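This report concerns only the one structure given below.
What follows draws every value from the coordinates through simple rules; no lab data is involved. From a predicted model like this one, the values you see are computed outputs, not experimental measurements. Heads up, the Cβs are rebuilt from the backbone with ideal geometry, glycines too, and the neighbour counts pull from every protein chain shown.
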Amino acid sequence: MERPGADEAWWEVENVTTEHIVELNLIDSPVVNESWGPNQIDQDVLPPTEDFRLREVPCPVVYDMRAVGEEGGAAMRYEVAFDCEKVVEWELTELE
């Protein structure tokens, strides 16, 4: 099984909602500025039942995470540690 290297973390998102996800963002935590980072999805959307993986996330660091659905709802997780050689997993079950 493939794993992150000594100087990186991975971010894996599983979309189990009924919506397409149109944005996945990270921002340093605690928030220094109000602007979310760039959209990390490399395709147009993340469809329901699909997975997304972002590799080479610098580490160690703490991020807030955000997912935005096609209908404008969002889900967020705060102060998530991205430790080197680890995979941060997020199962999206609902957007508000």
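Regarding region 58-77, can at least one residue be identified that is hydroxyl-bearing (Ser, Thr, Tyr) and within 25 Å of Met1 (Cβ to Cβ)? The answer is yes; a qualifying residue exists. The strands (runs of 3 or more DSSP E) found entirely in region 1-63 that carry 2 or more residues being closer than 15 Å to Ala74 by Cα are 9-15, 21-28.
Within region 8-28, if we keep just the residues that are surrounded by 19 or more Cβ atoms within 10 Å (Cβ to Cβ) and hydrophobic (A, V, I, L, M, F, W, C), the residue that is nearest to Trp90 (Cα to Cα) turns out to be Val13. Condition check for Met76 on (1) hydrophobic (A, V, I, L, M, F, W, C); (2) touching a residue at least 40 places away in the same chain (Cβ under 8 Å); (3) outside any loop (DSSP other than H, G, I, E, B): one failure, at (2).
If only one of Val80, Val88, Val45, Val31 is under 18 Å from Arg3 (Cα atoms) and β-branched (Val, Ile, Thr), which one is it? Answer to the selection: Val88.
Has region 65-72 got any residue that is free of Cβ contacts under 8 Å to residues at least 60 places away in the same chain, of a type in the set (Asp, Glu) and exposed (fewer than 12 other Cβ atoms within 10 Å of the Cβ)? Quick ask: steps written out before the conclusion?
So the first thing to find is which residues in region 65-72 are free of Cβ contacts under 8 Å to residues at least 60 places away in the same chain, and the list is 65-72.
Subset that is of a type in the set (Asp, Glu): 70-71.
Applying the additional criterion that residues be exposed (fewer than 12 other Cβ atoms within 10 Å of the Cβ) yields 71.
Yes, that holds for at least one residue.
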